Amino acid sequence: MIAVINFTPTHLVKEIGLQNSLACYATGIYFLGSIIFAPIAGKLADRWGPLPFLTLITGVACPLIFLVSKTHSIGVLPIYILLIGGSNGGAWPPPSMIIAEMSGHIGKGETFGYAMVVVAVTSSLSPLLLGIAADRIGLRLSIRAFTIPVVMSFILLLVLSRVYSLRMKASEKWYYFLD
């Protein structure tokens, strides 16, 4: 998502025809959505569970990123960008909650460190890849293509949620048997 938001002002100037001075607000609108939605997301993840909520918020981001590349209406683009920022902000609390619940041979700090490395690497490489793709196939098509990793993440989260749900049901039956 970070690659798309990095290139959104350029997209607004080159593809939509917006002035540079107005297109720069896209990044601010994105971060505003993130700031507004992160605390709400934490509460919703507490209520629904971190994995189901992360799955939902990732599923919401997929069409929004695609719509940014498809829409020509200046009036609706800030709403999409705000919601994409909300999706990003909403995606931060659930993994932290999952890491906090994890146990194993490595500590929570180390696990969090590994997660941050993955986020840092993907966040730094994705704008490069989007820029290369934009030079080859155009910016609008590149942004659309960058919905593919988000869709793949959504599918992976759906599978993980289903496996987790099945395991929880199986363990409930086992414990019920012991009572």
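The values are calculated or read from the model by the stated rules, or taken from the named source; none is laboratory data. Keep in mind that what you see is a predicted model, and the values were worked out from it rather than measured. Glycine gets a Cβ as well: all are built from the backbone with ideal geometry, and neighbour counts include every protein chain shown. With ligands, DNA and RNA removed, areas are computed over all heavy atoms of the protein, side chains included. Shrake-Rupley method; radii C 1.70, N 1.55, O 1.52, S 1.80 Å.
In debye, nearest 20: dipole of the chain around its Cα centre with unit charges on the Cβ of K, R (+) and D, E (-)?
Working: 12 positive and 7 negative charges, 70 e Å.
I would put it at about 340 debye.
Could you identify which residue out of Gly49, Gly59, Gly107 has the top mean-square fluctuation in a GNM of the chain using Cα springs shorter than 10 Å?
Gly107
For Val118, Val76, what's the largest-to-smallest order of accessible area, 1.4 Å probe?
Numbers: Val118 90, Val76 40 Å².
From most exposed to least exposed: Val118, Val76.
Using DSSP H assignments, which helices in the chain have an axial alpha-carbon span of 30 Å or above and a mean Kyte-Doolittle hydropathy of 1.6 or higher? The partial results should precede the final answer.
Working: long enough: 25-48 (33 Å, 0.78); 50-70 (31 Å, 1.67); 108-137 (42 Å, 0.99); 147-178 (46 Å, 0.91).
Those that clear 30 Å and a mean of 1.6 are 50-70.
Taking the chain as a Gaussian network, Cα atoms linked when under 10 Å apart, which of Gly138, Gly109, Gly42 shows the biggest mean-square fluctuation?
It is Gly109.
From the square roots a ≥ b ≥ c of the eigenvalues of the alpha-carbon gyration tensor of the chain, which class results: rounded (a/c under 1.5), prolate (a/b over b/c), or oblate?
Details: a/c = 2.29, a/b = 2.12, b/c = 1.08.
Cα axes put the chain in the prolate bin.
With every protein chain in place, what's the accessible area of Asp46 (1.4 Å probe, Å², nearest 10)?
That residue has around 110 Å² of solvent-accessible surface.
Which of rounded, prolate or oblate describes segment 97-172 when judged by the alpha-carbon gyration tensor and an a/c cut-off of 1.5? Intermediate values should be presented prior to the final figure.
Working: a/c = 5.54, a/b = 1.73, b/c = 3.20.
Taking the square roots of the gyration eigenvalues as a ≥ b ≥ c, segment 97-172 is oblate.
Please find the FRET efficiency linking Ala170 to Val60, where r is the Cβ-Cβ separation and R0 is fixed at 30 Å, and quote it to the nearest 0.05.
Details: r = 30 Å, r/R0 = 0.98.
Calculated value: 0.50.
Is the C-alpha gyration tensor of segment 44-148 telling us rounded, prolate or oblate? Criteria: a/c under 1.5 is rounded; beyond that, a/b larger than b/c is prolate, otherwise oblate.
On the way: a/c = 3.33, a/b = 1.58, b/c = 2.11.
Oblate, since a/c reaches 1.5 and b/c is not below a/b.
With each run of n ≥ 4 DSSP H residues scored as -39500 (n - 2.57), what mean residue ellipticity at 222 nm is computed for the chain after dividing by its residue count and rounding to the nearest 500 deg cm²/dmol? Spell out each step's value before the answer.
Numbers: 9 runs with 151 residues, N = 179.
Helix contribution divided over all residues of the chain: -28000 deg cm²/dmol.
So which residue, out of Leu18, Leu82, Leu54, gets the largest mean-square fluctuation from a GNM of the chain using Cα contacts under 10 Å as springs?
Ranking Leu18, Leu82, Leu54 by mean-square fluctuation puts Leu18 first.
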